[in-house]
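To start, the structure under review is shown below, and the notes come after it.
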Amino acid sequence: MTGLEFEKPVRELQEKIAELKNFTSTSDVDLTEEIAKLELRLKKLEEDIYNSMTPWDRVQMARHPNRPTTLDYISYLFEDFFELHGDRAFGDDKAIVAGVAKYRGQPVTVIGHQRGRDTKENIQRTFGMPHPEGYRKALRLMKQAEKFNRPIICLIDTKGAYPGKAAEERGQSEAIARNIFEMAGLTVPIICIVIGEGGSGGALALGVGDRLFMLENSTYSVISPEGAAALLWKDAGLAKRAAETMKITAPDLRALGIVDEIIPEVRGGAHRDSKRQAELIDEVLEPALKNLQLIDSDSLIEQRYEKYKRIGGYIEDTTGPKE
Amino acid sequence: MAIKNMFVKQKPKKIKYATIPSAAAKQDVPEGIMQKCPKCKKIMYTKELQKNLHVCIGCGYHYPMKAHERIEMLLDEGSFRELDASLSTANPLQFPDYEEKIAADRKKTGLNEAVVTGVGAIDGRRAAFAFMDSSFRMGSMGSVVGEKITRAVEEAIRLHIPFIIFTASGGARMQEGVLSLMQMAKTGAAFKRLSDRGGLIVSVMTHPTTGGVSASFASLGDYNFAEPGALIGFAGRRIIEQTIREKLPEDFQTAEFLLQCGQLDAVLHRKEMKEKLSFLLDIHETGGDRR
């Protein structure tokens, strides 16, 4: 298991316990009592460490190579996922997976960014950074969902839209803008869940909906901490500071009124138990979908509009500070 | 020194004096009276340049324009009624030094934020307008910019009039973090609302229109235009070059390049801007209006 820097004390203690256990089983000395004591200490240490994660720790967690991806969650959350391909104009972008599935017996459309799980897959999927055709595939299938009155579930996990020559030539800006625009007006419920990194416009292009949830250790930001540090302080090495200043964690976004609910993670991060993590997502997804399906489509669009209209912090002279 | 060189006559070292003009001195030949084109280096009278709509007489370079200069250039005299001038910047993330930067730009530009919105008329035809101004924080979009544009679109809906925006922006306002990202969704949703009610939307991208602004309302007009030479794109040139590890063509992400790629309806010279907008307002007035 790949460990992160801030988890080092936990790892060391775990190793020690394993060592003692091994020793007990192979020698005559009984250390059961000591082991029990250490295990208690481990529990407390884990609690301390995982309950006081800094924004930078969470960034590391969100980027963990073993973190479950869209396809992992799809396999646990949905029955009979049927992947559909292509934007009907240029190609099929593997950085976004999309298709139809059943969720608790009900037809839904599922769309998400897809990272690769190894280098080879990452190259095929351009590290989960979509080109315009990826967003246009997503939009095509969202429109299809609208036609057949299926709710849409979007899983967000991208560093951002792909910054490349071809992407610009084919209208990266327009593709992102179009998705935002159209998603604002879709007549079916849309639930968006940030499962890893929510990187800028590339994330938002699958992120306009009726509910926005974030996994506890996911991030959502206008720019990566490294990018922000380079831009603001001309030093990408200050990424750790930028992660704090930019307010990019799930609790930050909850406080800013952008995220509706935080989905708790398995202790130590989603990658420790992706099946259990899917269950935790399920617990939030199910009631949210049920509630949204009670709302008629006009009110749904109206409420979605109001949700985004409220976001922002500015001062209006006549009414005083507004948050 | 080698011995054989000892008797070679050394040339006396000439000391050369050269004055390196400061960047400011290079740009402005006598401050205010004359201007030097940053592209072709032609020297012109400022008055002459103003009369030519801030377009270089020599090479056609389109100088960036202040919001108020555009209002003067395009709208019927006295027709403009500004909206939401009372909205001003907060520091929602408690970002260090942000208030000072805003205060400095307010002083420098005389603007309260990077966009001026309102209702006005072109040749007697009314529309709601938004003019972004890159002299204020590079025209970047924070909460105030997003809110002002959204309210101007709402005013267009209320009055059943078209919405015309001139964009000029480096993208999202870093100091407002994810709140500025969400302004893309807010404005995008407002555009959708106006569009669904049959309202006409025209976007004119001016130099520069990049990042989050290019990836939201700037690209969402029924008509998307650009001024000649304007830089328009999503990702920055340097980031793309680092990603694809090759040099990009000189004209990459210019208005003309995007026109070739099929991303724009037209590149409009400033001289024809008013006439073309007036024509569109005319055909949409006489055309079908679903409302």
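Between A:His85 and A:Asp296, the simple spin-label model (points 7 angstrom out along Cα→Cβ) gives 4.3 nm. A simple count of charges around A:Ile248, restricted to other residues whose Cβ falls under 10 Å of its Cβ and scoring Lys, Arg +1 and Asp, Glu -1, yields -1. At an R0 of 35 angstrom, the distance between the Cβ atoms of A:Asp273 and B:Gln242 translates into a FRET efficiency of 0.45. The mean number of partner chain beta-carbon atoms within 10 angstrom of a residue's beta-carbon across peptide A:159-169 is 6. Mean per-residue shielding of peptide B:211-221 is 6, counting Cβ atoms of other chains within 10 Å of each Cβ.
Here B:Glu69 and A:Tyr76 are evaluated by their C-beta separation; at R0 = 45 Å the FRET efficiency comes out at 0.20.
Put in order of Cβ neighbour count within 10 Å, fewest first, the listed residues A:Met246, B:Met273, B:Met65 become B:Met273, B:Met65, A:Met246. DSSP beta bridges confined to the protein assembly as shown are antiparallel in about 45 percent of cases.
For the protein assembly as shown, a/c is not less than 1.5, where a ≥ b ≥ c are the root eigenvalues of the C-alpha gyration tensor, and a/b does not top b/c. That puts it in the oblate class. Normalised by the number of residues in chain B, the mean separation of alpha-carbon contacts (under 8 Å, six or more apart) gives a relative contact order of 13 percent.
When both segment B:49-70 and segment B:254-269 are represented by their alpha-carbon centers, they are found 20 Å apart. With loop membership from DSSP and a limit of 15 other Cβ atoms within 10 Å, the longest segment of chain B without GluC sites (Glu not before Pro) is B:78-245. Under the combined filter of DSSP loop state and at most 13 neighbouring Cβ atoms within 10 Å, segment A:90-154 retains these chymotrypsin sites (Phe, Trp or Tyr not before Pro): A:Phe148.
Modelled spin labels at A:Glu34 and B:Arg106, positioned 7 Å past Cα toward Cβ, are 6.7 nm from each other.
Give the relative contact order (percent, whole number) for chain A; include only Cα pairs under 8 Å separated by 6+ residues. Don't skip to the answer; put the middle values down first.
Values: 575 pairs, mean separation 46.7, N = 323.
This gives 14 percent for chain A.
Ranking A:Gln172, A:Leu253, A:Ala89 by how far each Cα lies toward the positive end of the dipole of chain A (charges on Cβ) leaves A:Ala89 at the top. When the Gaussian network model of chain A links Cα atoms closer than 10 Å, the mean-square fluctuations of A:Asn291, A:Asn22, A:Asn179 top out at A:Asn22. Using the alpha-carbon centroid of each, what span in Å lies between segment A:176-212 and segment B:235-250? One Cα centre to the other: 28 Å.
Judged by a Cβ-Cβ distance under 4.7 Å, the unpaired cysteines of chain B are B:Cys261. Could you tell me the center-to-center distance, by alpha carbons, between segment B:87-131 and segment B:150-180 in angstrom? Centre-to-centre distance over Cα atoms comes out at 11 Å.
No value in this document is a laboratory result; all are computed from the given coordinates. No experiment lies behind these values; they were computed from the predicted model shown. All Cβ positions, even for glycine, are placed from backbone atoms using ideal geometry, and neighbour counts span all protein chains on display.
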